[in-house]
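I have placed the structure first, in the form of structure tokens, so that the comments after it can refer back to it.
The values are calculated or read from the model by the stated rules, or taken from the named source; none is laboratory data. A quick note: this is a predicted structure, and the numbers were derived from the prediction, not measured. We place every Cβ from the backbone using ideal geometry, glycine too, and count neighbours over all the protein chains shown.
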Amino acid sequence: MGIFIWLVVVYSKIKLDVNKIVNYKPTATTQIVDKNGKLISNIFEDQHRFYVKFDQIPPKVIESLIAIEDTQFFEHNGINVDAILRAIVKDLRHMKMVEGASTITQQLVRTLALSRDKKIMRKIKEILLSLRLEKVLSKEDILERYLNSIYFGHGYYGIRTASLGYFHKELDQLNIKEISILVGLPQAPSFYAPTKNLKFSLARANQVVRRLNTLGWINNSQYIEALNFQPKIYNETLTQNKAPYAVDYALKQLKDKVPDLKTAGYIIKLTIDLEAQEIAKEALNYGYENIKKRDKYVDTNKSNTKTLNGAIVSIENNTGKILALVGGINYNKSSFNRATQSKRQPGSAVKPFVYQTALNLGYSTVSNLVDISRTFEYQNKNKYNKSKKWKPSNYESNFKGMISLREALVHSRNLATINLVNEIGIDIIHENLELYGFKNLPLDLSIALGSFGISPLDLSEMYTIISNHGVKVKPYIIESIKKVNGDIIKFDPITTEIQNEEQAFLMTSILEDVVTRGTARRAKVKGLQVAGKTGTTNNYKDAWFCGYSPTIQTIVWFGNDNYTPMGRKETGGGASAPVFSYFYKSYLNIHPELKRKFTIPKNIISHKFNGKMEYFTQTSPMPQIQTIQLKDVFEQDEEIEF
């Protein structure tokens, strides 16, 4: 009677622990996949687990588990009395606990509600809770909780996690030997893990196979086949992040929107294409190595590329879906995402938007611009307030006098651009660039040469105004979020109409010439029409190429993280344009179906002008031919205050 009362008291103290098992809701790993469903990364907090419902567990898995762990599972009420008596005798003989005789129910109780200490009191609590658990849960519920909570080695919690991790297979794709490896693990998961001790893991699996055959649950043919089968084991890191810069950016977007991201078992589909991502990474490294090779001081203290790094962003023109995003050369050395976080001067890469403003104001591609040197005087903003002079020059250090708008942009003439801005008015250019979406712009003539900071991703958004036929589209990386209950949250493009497609096409036609015969000749891709603009900042601190095909747009940037010059001649055309070409050539090999030619809008007017075919619109009409005397415009080296 005393023992009975004592047991009642013990049970009264622990009975609520059953609720931990009845209401078992474990954390689950969130999977990040690419646009085609390929796994990019696993995101979890403490335990890496993919939950599986009982009705999704194949019968052979259940049979194998019961065969090796608890043959009478469906007959007993939570404990196996015969096994306990045998264990007690054995323990008394050795004067210590050497055999536990635990049923699957007892193992579940020990895992979720008690410690694993080998003490008599813990064993008594385990038995009491097991008896109670069998009263409130079905056998199927107990098995479901067991197979999802047990540790299977290598950081895998739950049998589905282990199946996907060790074999890259779902449970219904496993054969008898693979199943036997998994169900043999709970006895000593760290020791029997096939990634750690494959020999012992296979030996343990063969015990399971023999037990199945002894019980008559597999025939001799299946028995021999299973014994001889040698499984392929994958030994991977738990996160196996295949696109770390892209994943970091995606997680940053979701941080406030999905607070339980690491515990709720979502499936997050990104717009990323893993094939494109890998090509982008290869292309960026290709450009990086070439810059290093041109640095003759690369292995000395005089090296110009000690902190050299780069970034590449590739998106769909019409949707803004990010296909590839690489924010640096080596994520393990630096996780700083230069594609999204770095603000660098775009240099001449901003010129298309200056010229687009001119076209939208009525200039045409053949309008004459003045390409001569001028000196500008301004007040230095310091305590001395002294007058200073600015005398910009062309990269080629020469002057053309008069030059057409098309040729000025094709050859990236600084002086023609500055004179154009001065002619239109700084305030008008500033206002239009802000309408396009540029921010933190200087209100002076240096705006024409990109003297402000912008990230490659933000510059990608600006360039869609041209590549997407006048409609700006915001780049985005998250396509959908699938919840455990099956609900799906989808993300759609965010677009803003900026100008009509005819005006955008005029710019495309110019930027195509930039590639075919201008500053970006090294960006050419055989069999594919591409357009784009180079950008190089003072002293070769930044090298850009911003280009696009009829369907895909790609921005490439190189520079030193400490803002020092990369070395003479490291221009957008020499450093970044070849990376663009590498990317598209490789991507075309796996996607030959890509659209190859730009579409000419139906309202575009084509006409020969000075012996060459040109394009005009109602806004940018073909001008009347007239003679302009350069001296009528202004004298060379005229001083102008601004």
Practice task
Read through the list (1) under 26 Å from residue 297 (Cα atoms); (2) part of a helix (DSSP H, G or I); (3) charged (D, E, K, R), then give the number of the only condition that residue 568 fails.
Solution key: (2)
Practice task
Mind listing whichever residues of segment 422-472 are of a type in the set (Ser, Thr, Tyr) and surrounded by 23 or more Cβ atoms within 10 Å (Cβ to Cβ)?
Solution key: 460, 463, 464, 467
Completion exercise
Cβ pairs under 8 Å, 6+ apart or interchain, first in segment 275-293 and in the same structural domain as residue 585 (by TED's automatic domain parsing) and under 15 Å from residue 34 (Cα atoms), second part of a helix (DSSP H, G or I) and of a type in the set (S, T, N, Q), ordered by first then second residue, are 279/586
Practice task
Answer with yes or no whether residue 36 is at pLDDT 95 or above and assigned to a loop (DSSP other than H, G, I, E, B).
Solution key: yes
Exercise for the section: Would you mind stating whether residue 340 is assigned to a loop (DSSP other than H, G, I, E, B), within 26 Å of residue 548 (Cβ to Cβ), hydroxyl-bearing (Ser, Thr, Tyr) and assigned by TED's automatic domain parsing to the domain that holds residue 548? Expected result: yes
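For (1) surrounded by 18 or more Cβ atoms within 10 Å (Cβ to Cβ); (2) more than 30 Å from residue 341 (Cα to Cα), each residue gets a yes or a no:
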site: 557; (1), (2): yes, no
site: 571; (1), (2): yes, no
site: 575; (1), (2): yes, no
site: 584; (1), (2): yes, no
site: 590; (1), (2): no, yes
site: 607; (1), (2): no, yes
site: 615; (1), (2): yes, yes
Problem - Looking only at segment 284-314, and only at residues there that are more than 22 Å from residue 338 (Cα to Cα) and of a type in the set (Ser, Thr, Tyr), the one that is surrounded by the fewest Cβ atoms within 10 Å (Cβ to Cβ) - result: 300
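Say we look at segment 510-537 and pick out the residues that are polar (S, T, N, Q) and crowded, with 19+ Cβ neighbours inside 10 Å; which of these is farthest from residue 594 (Cα to Cα)?
Checked segment 510-537; the qualifying residue farthest from residue 594 (Cα to Cα) is 537.
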Completion exercise
Restricted to segment 206-226 and to residues being part of a loop (DSSP other than H, G, I, E, B) and touching a helix residue (DSSP H, G or I) at 6+ places or on another chain (Cβ under 7 Å), the residue nearest to residue 72 (Cα to Cα) is 215
Exercise for the section: Output the residue which, of all residues in segment 233-246 that are in contact with a Ser or Thr (Cβ under 7 Å, 6 or more places away or on another chain) and loosely packed, with under 13 Cβ neighbours inside 10 Å, is nearest to residue 477 (Cα to Cα). Expected result: 240
Problem - Filter pass, residue 195 being outside any helix (DSSP H, G or I), among the polar types (S, T, N, Q) and within 34 Å of the chain's Cα centre (by Cα) - result: yes
Completion exercise
residue 260: passes all of (1) at pLDDT below 95; (2) in the same structural domain as residue 318 (by TED's automatic domain parsing) but (2)
Handout entry: Filter pass, residue 414 being among the polar types (S, T, N, Q) and more than 18 Å from residue 372 (Cα to Cα)
Key = no
Fill in the blank from the handout: Taking segment 473-495 and the residues there that are over 24 Å from residue 409 (Cβ atoms) and of a type in the set (Val, Ile, Thr), the one that is modelled with the lowest pLDDT would be 484
Problem - Selection count where residues are free of Cβ contacts under 8 Å to residues at least 60 places away in the same chain and surrounded by fewer than 21 Cβ atoms within 10 Å (Cβ to Cβ), scope segment 205-232 - result: 16
Practice task
Report yes if residue 239 is within 30 Å of residue 539 (Cα to Cα) and of a type outside the set (D, E, K, R), otherwise no.
Solution key: no
Completion exercise
Going through (1) farther than 30 Å from residue 362 by Cα; (2) assigned to a loop (DSSP other than H, G, I, E, B); (3) polar (S, T, N, Q); (4) touching a helix residue (DSSP H, G or I) at 6+ places or on another chain (Cβ under 9 Å) one by one, residue 576 fails only at (2)
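Determine whether residue 509 is small (Gly, Ala, Ser), within 19 Å of residue 323 (Cβ to Cβ) and at pLDDT 95 or above.
Criteria not met by residue 509.
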Problem - Selection within segment 428-482 - over 20 Å from the mean Cα position of the chain (by Cα), assigned to a loop (DSSP other than H, G, I, E, B) and touching a residue at least 60 places away in the same chain (Cβ under 8 Å) - result: 438, 444, 450, 451, 452, 453, 468, 469
Exercise for the section: Name the residue, out of 111, 161, 195, that is touching a Lys or Arg at 6+ places or on another chain (Cβ under 6 Å) and on the phi < 0 side of the Ramachandran plot. Expected result: 161
Fill in the blank from the handout: For segment 221-249 the number of residues that are touching a strand residue (DSSP E or B) at 6+ places or on another chain (Cβ under 6 Å) and hydrophobic (A, V, I, L, M, F, W, C) is 4
